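What follows is one structure encoded as structure tokens, with my remarks underneath.
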Amino acid sequence: MSVAKKEIKRITTHVLQAMKEQGEKISMLTAYDFSMARILDAAGIDILLVGDSASNVMAGHETTLPITLDQMIYHAQSVIRGVERAFVVVDLPFGSYQGNSTKALNSAIAIMKESGAHAVKLEGGAEIEESVRRILSAGVPVMGHLGLTPQSIYKFGTYSVRAKEDAEAQKLIDDAMLLAELGCFAIVLEKIPAALGKKVAESVPVPVIGIGAGGDTDGQVLVVHDVLGITKDFNPRFLRRYLNLYETIKVAVENYISDVKSGDFPSKDEQY
Ligand code: KIV
């Protein structure tokens, strides 16, 4: 029987560590609201990420930069109310932790206190070491995020694959080691070569969760709107769509509009 299914009422950092050690892959998806979180939790997802990708898929921004700490807390509160079993991680948004470890600590505490989430995620390696240290010292579990870090999109200039060159790959490995040594309970690797994803997963003792980082990481994460086909113009190679909800919802709504216009809805049975 899998580590996660063994009568586990709640996924914790310890359960996730045991899953890595026993070779059981970790499943992770984003969630931003109560109704979706409830479905994903009932399906048995291990980790729910209240990602700052809410800025894109919920608010319609081009990047993750505009979302605020208060907006992240609102999404996290909604997700937490829908969860009984999954471990809930919340992104610290852009501007809430970079370059100021006191601000980082206060942002992490605000998320934990006001939403009831279980951990926070920060993008970056050595450059955010002090912030990671201080958040961990307050007893807040931290998930790292390396590779393509969307909060730095204007530094990268493109969303293409990161760490293809040796120097960047070596920095990523060093950063992953550092984050694990500091005490991060897991690390997300985004859009890097599969061979590098494998190397990092084998080199660090904590779970490594990939998004476009190949099949040899300890788990996988995707944005739920992409998996369910609610988004339709985002088609990176790493994405597997399990539904085409954009079309399904559109057809359903077209049928509803047509029934309202024709007077078919409501029928005699659908009124008092
Ligand atoms: O915000 C997000 O959705 C993320 C995932 C892509 C890992 O950080």
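The values are calculated or read from the model by the stated rules, or taken from the named source; none is laboratory data. Small disclaimer: the values here were computed from a predicted structure and weren't measured. No Cβ is skipped: glycine too gets one built from the backbone with ideal geometry, and neighbour counts run over all protein chains shown. Surface areas here come from the heavy atoms of the whole protein model, side chains and all, with no ligands, DNA or RNA. Shrake-Rupley method; radii C 1.70, N 1.55, O 1.52, S 1.80 Å.
When segment 40-56 is filtered for residues that are open to solvent by 30 Å² or more (accessible area, probe 1.4 Å) and within 13 Å of the ligand (Cβ to nearest atom), only Asn56 remains. The listed residues are Lys191, Lys232, and the only one of them that is over 15 Å from the mean Cα position of the chain (by Cα) and within 21 Å of Ser53 (Cβ to Cβ) turns out to be Lys232. For Val79, indicate whether it is assigned to a helix (DSSP H, G or I), surrounded by 21 or more Cβ atoms within 10 Å (Cβ to Cβ) and either in contact with a helix residue (DSSP H, G or I) (Cβ under 8 Å, 6 or more places away or on another chain) or aromatic (Phe, Trp, Tyr) (or both). Taking the combined requirement at face value, the residue satisfies it. Checked against (1) within 15 Å of the ligand (Cβ to nearest atom); (2) over 13 Å from the mean Cα position of the chain (by Cα), His225 passes all but a single condition, namely (2).
Inspection of segment 111-123 identifies no residue that is at pLDDT below 95, in a loop (DSSP other than H, G, I, E, B) and surrounded by fewer than 23 Cβ atoms within 10 Å (Cβ to Cβ). For the residues Val200, Val206, Val140, Val161, the requirement of being farther than 21 Å from Pro93 by Cβ, assigned to a loop (DSSP other than H, G, I, E, B) and open to solvent by less than 20 Å² (accessible area, probe 1.4 Å) singles out Val206.
Looking only at segment 12-24, filter to residues that are surrounded by 17 or more Cβ atoms within 10 Å (Cβ to Cβ) and of a type in the set (D, E, K, R); which one of those is nearest to Ile45 (Cα to Cα)? Checking each candidate, the answer is Glu24. For segment 209-258, the set of residues classified as open to solvent by 80 Å² or more (accessible area, probe 1.4 Å) and assigned to a loop (DSSP other than H, G, I, E, B) consists of Asp216, Lys232, Asp233, Phe234, Asn235, Arg237, Arg240, Tyr242, Leu243, Asn244, listed by residue number.
With the condition kept exactly as written, say whether any residue in segment 83-95 is open to solvent by 10 Å² or more (accessible area, probe 1.4 Å), in a loop (DSSP other than H, G, I, E, B) and of a type in the set (Phe, Trp, Tyr). Yes; the residues of segment 83-95 include at least one that is open to solvent by 10 Å² or more (accessible area, probe 1.4 Å), in a loop (DSSP other than H, G, I, E, B) and of a type in the set (Phe, Trp, Tyr). Can we say Glu129 is under 23 Å from Thr63 (Cβ atoms) and either within 15 Å of the ligand (Cβ to nearest atom) or in the same structural domain as Val206 (by TED's automatic domain parsing) (or both)? For Glu129, the condition - under 23 Å from Thr63 (Cβ atoms) and either within 15 Å of the ligand (Cβ to nearest atom) or in the same structural domain as Val206 (by TED's automatic domain parsing) (or both) - is not met. In the set Ala59, Ala37, only one residue is surrounded by fewer than 24 Cβ atoms within 10 Å (Cβ to Cβ) and without any contact (Cβ under 8 Å) to a residue 60 or more places away in the chain; that residue is Ala59.
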